[in-house]
Amino acid sequence: MLNPFVLACFSYALMLVAFYRPRHRYFHIPVMVATIVFDVSMPIFLYTHRHWWHRLIEQDDIFSFGIWMHFGLLITLYALEAAQIWSARKILKGDPLARTTHHMQARALLLVRALVLVTGGVQADPA
Ligand code: HEM
């Protein structure tokens, strides 16, 4: 029963652990980088492994509110992930203020990522 949604939930749990273990840099950084790579890879996987043309165009799902909500949240997630990398680089350069920014963005990112999972999960169709 290892489908993309289950994997995404697992990566969310791992991200939560890394969120509470920021001082363990050798754990925090690889987990966060892997999660971001996972998030970027997922649309590519779905594009290559799902009948998206049938689903979106032939079944008219492109006009559904859920698809657009999911899409909007995904763009927000990517923006937050880019902002996290930017603030992380500042932390590593020794900027003390960047830590607060990174922390605040982290909370928003966790919320948005949860919403991306929920809005994606309800629309998942393995066919
Ligand atoms: C490429 C991605 C990321 C890198 C390179 C990175 C790197 C870092 C580094 C170097 C620290 C400071 C650790 C220390 O104090 O020794 C930190 C702290 C932290 N990171 Fe990240 N991080 C990344 C992504 C994320 C994400 C996606 C989240 C949230 C889901 C997150 C949440 C946090 C939190 C909550 C802290 C503690 C900030 C504080 O001191 O209050 N990070 N991160």
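The values are calculated or read from the model by the stated rules, or taken from the named source; none is laboratory data. In this text the structure is predicted, and so the values were computed from the model without any measurement. Cβ: placed from backbone, ideal geometry, glycine included. Neighbour counts: every protein chain shown. To get the accessible areas, we keep the full protein, side chains included, count just its heavy atoms, and leave off ligands, DNA and RNA. Shrake-Rupley method; radii C 1.70, N 1.55, O 1.52, S 1.80 Å.
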query = What's log10 of I(q)/I(0) for region 50-94 at q = 0.18, 0.23, 0.29 Å⁻¹, Debye sum over Cα points only, no solvent?
reply = -0.63, -0.78, -0.94
task = Any chance you could list P(r) for the chain, counting all Cα-Cα pairs in 10 angstrom bins from zero, rounded to whole %?
result = 11, 42, 29, 14, 4, 0
query = Which value, in Å² rounded to 10, gives the accessible area of V33 with a 1.4 Å probe and all protein chains present?
reply = 80 Å²
For the chain, with +1 on Lys and Arg beta carbons and -1 on Asp and Glu, the positive-most of V6, V122, F27 along the dipole = F27
key: Most to least packed among 48-58, 105-115 [average Cβ atoms within 10 Å]   = 105-115, 48-58
ask   = Tally Lys and Arg at +1 and Asp and Glu at -1 over the other residues with C-beta under 13 Å from the C-beta of Q59: what net charge comes out?
value = -2
message = With a 1.4 Å probe and all protein chains left in place, how much accessible area per residue does region 4-121 have, in Å²?
response = 67 Å²
message = Please report the carbon-and-sulfur percent of the accessible area for the chain; probe 1.4 Å, protein heavy atoms only, DNA, RNA and ligands left out.
response = 74 percent
request  = Measure out, as a whole number of angstrom, how far apart the alpha-carbon centroids of region 12-85 and region 92-127 sit.
outcome  = 9 Å
task = Choose one of V37, A106, H54: the residue whose Cα lies farthest towards the positive end of the charge dipole of region 4-121 (beta-carbon charges +1 Lys, Arg; -1 Asp, Glu; about the Cα centre).
result = A106
task = Any chance you could run the full-extension gain for H49 through L16? It's 0.36 nm times the residue separation minus the Cα-Cα distance, nm to one decimal.
result = 9.1 nm
request  = Calculate the dipole size of the chain relative to its Cα centre from +1 charges on Lys and Arg beta carbons and -1 charges on Asp and Glu beta carbons; express the result in debye to the nearest 20.
outcome  = 840 debye
